[in-house]
Each structure stands twice: as C-alpha cells, then as structure tokens.
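This report refers to the structure that appears directly beneath it.
The values are calculated or read from the model by the stated rules, or taken from the named source; none is laboratory data. Note that this is a predicted model, so its numbers are computed, not measured. Don't worry about glycine lacking a Cβ; one is built from the backbone with ideal geometry, like all the others, and counts go over all protein chains shown.
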Amino acid sequence: MTSTAIAEAPAPALTPEHRKALDWLKSGPKRLLIGGKWVDAQSGKTFATVNPSTEETLAMVAEADSADIDAAVVAARRAFESSTWSGISPHERTRLLLRIADAVERNAKELAVLETLDMGAPYATNLGRAMQVAEIFRYYAGWPTKLFGTTNPMDASRFQYMLREPMGVCALINAWNVPLVMAANKIAPALAFGNTAILKPAEQAPLTTLRLAELIEEVGIPPGVLNIVPGFGATAGAAMSAHMDIDKIAFTGSTAVGRMVLQASTGNLKKVSLELGGKSPNIIFPDADLDRALASAVDTFCKNSGQICSAGTRLFVHESLHDEATERVAQIAATYKVGSPFDADTKLGPLISQRQMERVLSYVDAGQSEGARLSLGGQRHGDVGYFVKPTVFSSVSNTMTIAREEIFGPVLSIIPFKDEDDAVFKGNDTEYGLAAAVWTRDASRAHRVARALKAGRVWINTYAEGDPVMSFGGYKQSGYGRELGAESIEAYTQTKSVLMRL
Ligand code: NAD
C-alpha cells in the first residue's frame with residue numbers, strides 16, 4: 001500500500017515539533033544542494049521516500065545521477081580552491097562548526113520527528129541521536145586549531161617539517177539505518193579538516209540529511225563546501241565512486257557494495273575509507289552479572305529493530321548457561337513492544353522496507369531449516385508497515401547461515417561455548433570484525449579476551465556505548481579507516497613533507 005499523499009502524523013495530538021516537521025515535508029519537493037543552491041535533478045527525475053510504519057509516501061525527492069554528480073564535483077572543487085574556504089582561519093572553522101552544533105540542538109526535536117517518520121526507529125532514540133549529532137559537531141569544532149604538523153630532526157644545513165593538509169573533494173556515501181548520525185560522522189570531520197564534501201544519503205531515508213544541510217547552510221558555510229545529492233547507488237553512488245575529480249570517498253554500507261566502491265575508485269586512485277557490515281560476538285561468561293548482561297543482550301539485538309552494524313547478533317553463552325539464558329532472553333524480549341515509533345513505550349519500530357522485512361523473514365526460514373531452535377518470534381507484526389517481532393534462536397551452531405550472515409533485523413542467535421578458548425575462537429570465526437563484547441567479573445579474563453577478539457571496538461561489561469572521542473571502524477571485512485576520535489584525522493587529511501636547504 002503506497003499512496004502519494006503526504007503522511008499525516010499518527011494520532012493523538014501533534015507536538016509543535018511534529019507539526020514543524022510535517023510543514024517542512026509539505027513545503028515542496030526536496031531538491032539537491034549543489035553550489036549553495038537547491039536545485040532539481042538535471043533529468044527532472046524524483047523518487048519517493050516512504051514511511052516504513054505506514055507505507056505512505058512522505059515526500060518526493062530529486063534523484064541525482066551522473067550529470068548532477070558532475071555539477072556537484074565542479075561546485076565542490078571550486079569551493080575547495082577558493083580562499084573563502086581554504087583561506088579562512090582555523091578559528092573561523094571552529095566557530096562555524098559550533099554554530100552547526102547549536103542549530104542541530106535547537107532543532108533536535110524536529111530532526112528526530114523527521115528521522116522517525118523516514119526510517120522508523122523510536123522517537124526517543126532518534127531524539128538522543130540528534131543530540132549526539134550536536135556533540136559530534138562540537139567535538140570536531142575543537143580540531144581545526146589543533147591540526148598539528150611536526151618538525152623533524154635534521155642536520156644544521158636543512159630544515160624539514162610536515163604539514164597536514166585536507167584531502168580535497170570528499171564523496172560521502174551513507175546507509176539508511178542511522179542517517180543523521182552517519183551524516184555528522186562524515187560532514188563534521190570533512191569540514192573541520194578543510195575539505196569540501198558531496199554527500200549521498202541512502203535512497204531509503206534521505207530526509208534528515210537534507211534538513212541538516214539546510215541548517216548548515218543557514219550558519220554561513222560558503223557555497224559548494226557541502227553538497228547533497230540524494231539518489232540511487234547504481235547511478236549516483238557509482239558515479240561518485242568512479243569520478244576522476246573526487247579525491248576521497250568515505251563509504252558506509254554493506255561489505256558487498258563496499259567492494260564495488262573500492263573497485264570503482266581505482267581510476268584515479270582516490271583515497272577510500274569503508275565502514276561495512278558486522279556479525280558481532282557478545283560473550284557472556286558464567287561469572288558475569290547475568291541480569292545486566294542478558295538485559296543488554298536483548299537491547300543490542302532489538303535496538304533500531306536490529307538494523308545496527310555493530311549489533312551483538314551472536315550471543316555466546318557458556319554451555320552451562322545456555323537453557324537459562326535462552327529462557328531469560330526470550331522472556332525479556334517478549335516484553336519489548338513492537339509498534340508505532342511515536343508511542344513512548346515502543347521498543348521496536350519497523351524495518352526500513354518491505355524488501356528488508358522479507359529478507360529478515362527468509363533468515364528465520366533458514367534458521368529453522370538448518371536446525372536452530374526458534375525460541376521467540378519469527379513473524380511479521382501486523383499487516384501494515386514493515387514490523388518484525390523480536391526473534392530468538394537458541395542451540396545455534398556458529399556454522400549455520402543465521403550465525404554467519406548479517407541479517408540486519410531483530411534476530412538473535414544464542415550459541416553455546418565450552419571454555420574461554422572456544423568462546424574466542426568462535427567469536428573470531430567470522431568474516432567480519434566490527435565490534436564485540438565480553439561479560440565477566442574476572443578483570444584478567446576481561447582484558448585477555450578483549451585483546452584476543454579481532455574487532456575494531458570491544459566493550460567490557462557493557463554494549464554499544466560510544467562517544468565522539470572513540471574511534472569506530474572494522475577489522476577484516478568490516479572495512480578500513482576509522483570514523484570519530486583522533487584517528488579520523490587520517491581519513492580526512494594527507495601529509496606533506498617539506499625540506500629546505502638553509
Ligand atoms: P548498501 O551497501 O546497500 O547501501 C549503502 C549506500 O551505498 C547507499 O547510499 C546506496 O545507495 C549506496 N550504493 C549502493 N550501490 C552502490 C554502488 N554500486 N556504488 C556506490 N554506492 C552504492 O547498504 P544498506 O543496505 O543501505 O545498509 C546496510 C549495511 O550498512 C549493513 O551491511 C550495515 O552493517 C552497514 N552499515 C555499516 C556501518 C558501519 O559504521 N560499519 C554503519 C551503518 C550501516
């Protein structure tokens with residue numbers, strides 16, 4: 001059921017922010033931002049972005065293709081070379097980033113409503129994320145004045161120093177599962193370190209990226225520094241990856257598409273950073289605080305309806321705990337309400353699309369046919385919207401399809417282990433390496449296992465906590481390069497060594 005009507009908010013009463021978000025949706029077609037102007041696609045094409053809770057069209061969005069990417073690259077290149085951007089003082093760049101953070105904070109509720117309408121996670125979650133976005137811009141606001149080079153030891157006849165400089169024109173391509181945060185993770189460092197940017201949000205949920213760009217424009221970023229080009233992967237995304245005048249590409253999405261982006265980037269050998277998929281192990285030892293560990297285990301596989309790259313989708317429990325853990329996890333997950341993301345007690349909103357829902361349900365079939373025990377859920381919830389109930393499989397073997405492939409839905413695999421070595425071996429026995437967690441009261445074991453796990457981020461006695469100061473990125477086929485933290489300097493700058501003979 002897809003209608004072209006602009007979706008009204010779910011009853012009951014609308015908050016002012018909800019009304020503001022709906023007014024913005026109704027204010028007209030959503031255009032591309034190129035060179036400081038909001039423009040239609042050159043082809044005149046548009047596409048619909050759909051509310052996954054109601055299956056109604058929220059807005060029509062201009063659909064960029066290669067001609068628009070070319071125009072965006074020209075604008076971004078001109079802005080990069082212009083003194084209005086490359087010549088401004090680091091202090092001015094800091095001020096701009098702080099103003100963006102303030103604008104995001106002021107408009108956080110409206111952004112959260114739009115995000116909820118467009119991608120379906122609960123409103124409270126999205127409000128927290130909008131505030132997180134303000135913090136990401138504030139974090140990067142501190143960097144322009146601290147982007148140090150070095151002077152290197154030389155004999156007295158020579159002077160040698162290293163400068164850290166921007167990459168140039170950066171293409172940023174995002175997935176749909178946390179659009180606003182991912183936009184901030186890329187725009188903030190790109191701008192803080194002096195680059196210009198062209199961002200393609202995912203076609204499934206482009207709205208908050210567009211609204212964020214309006215806010216960024218309003219604080220006085222020079223034209224062409226940030227360009228936004230919603231569109232499809234095979235056209236706009238592929239054109240960005242292959243473009244000969246883009247210097248860097250930062251991609252977040254599936255491992256399969258990440259590989260395509262990397263291959264397409266070889267024409268001009270642009271620098272590439274890849275944030276890809278995951279199948280993260282969450283390991284609970286018998287001495288752990290089980291109440292906290294099991295509650296957290298449910299939270300991580302249900303959050304965002306399981307559409308989180310770092311979700312702990314493989315829950316390893318000591319074999320002595322398997323039955324008790326299964327029963328308790330299923331009991332807790334059964335209390336998680338599936339429904340409208342605007343209801344305060346909803347824990348799981350819809351998945352992003354019919355396609356994603358069908359994909360997730362096909363993994364439920366695979367789990368059952370390969371002999372895993374379905375201990376909870378496994379079905380769609382309702383018949384409008386793409387809702388799937390929390391689903392728990394127990395007695396899973398690490399070789400089964402549901403334990404190996406990224407499902408990106410609220411599906412947990414509980415896998416027994418014999419001892420520490422077995423837990424580490426099985427935890428690492430995956431092509432991915434994005435995140436992992438270990439739960440134990442034994443501090444030596446905690447650090448031993450954290451060190452042995454091959455993942456870009458490891459939590460001890462917690463899951464999914466983050467902070468802009470912490471870098472994020474993958475080992476193995478979860479990608480390379482790091483977002484956030486000091487390490488993101490490497491992703492958005494390059495170094496120049498200068499030598500002078502005295
Ligand atoms: P996807 O790979 O299908 O799409 C991601 C983006 O790539 C979209 O903008 C899409 O339009 C674009 N794209 C598609 N084909 C392209 C091509 N040929 N060239 C260039 N761009 C192309 O991923 P998805 O389904 O949108 O998102 C889910 C995936 O993203 C999961 O695998 C998840 O783990 C991953 N993800 C990773 C992180 C992380 O930080 N590691 C964060 C969020 C999501």
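The single residue among ALA423, ALA486 that is touching a residue at least 40 places away in the same chain (Cβ under 8 Å) and either more than 15 Å from the ligand (Cβ to nearest atom) or not in a loop (DSSP other than H, G, I, E, B) (or both) turns out to be ALA423. Against the list (1) touching a Pro at 6+ places or on another chain (Cβ under 7 Å); (2) aliphatic (A, V, I, L, M); (3) in a loop (DSSP other than H, G, I, E, B), the condition ALA464 fails is (1).
Within the option set ASN282, ASN268, being away from the ligand (no atom under 14 Å from the Cβ) and more than 19 Å from SER375 (Cβ to Cβ) holds for one residue only, ASN268.
Of the residues in the range 172-184, at least one is in contact with a Ser or Thr (Cβ under 7 Å, 6 or more places away or on another chain), in a helix (DSSP H, G or I) and under 26 Å from ARG78 (Cα atoms). Of all residues in the range 34-87, those being modelled with pLDDT under 95 and in a loop (DSSP other than H, G, I, E, B) number 1. Kindly evaluate ARG441 against the criterion of being part of a loop (DSSP other than H, G, I, E, B) and either closer than 16 Å to ASP287 by Cβ or at pLDDT below 95 (or both). Considered against the rule, which asks whether it is part of a loop (DSSP other than H, G, I, E, B) and either closer than 16 Å to ASP287 by Cβ or at pLDDT below 95 (or both), ARG441 comes out as yes.
One line per residue, one yes/no per condition, for (1) part of a helix (DSSP H, G or I); (2) among the aliphatic types (A, V, I, L, M); (3) at pLDDT 95 or above:
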| position | (1), (2), (3) |
| --- | --- |
| LYS186 | yes, no, yes |
| LEU191 | yes, yes, yes |
| ALA205 | no, yes, yes |
| THR209 | yes, no, yes |
| ILE216 | yes, yes, yes |
| GLY224 | no, no, yes |
| GLY237 | yes, no, yes |
| ASP245 | no, no, yes |
| VAL257 | yes, yes, yes |
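Residues that are among the small types (Gly, Ala, Ser) and within 12 Å of the ligand (Cβ to nearest atom) within the range 185-209 comprise ALA202, ALA205, listed in sequence order. Picking from residues in the range 223-247 that are buried (at least 18 other Cβ atoms within 10 Å of the Cβ) and away from the ligand (no atom under 14 Å from the Cβ), the one that is farthest from LYS37 (Cα to Cα) is ASP247.
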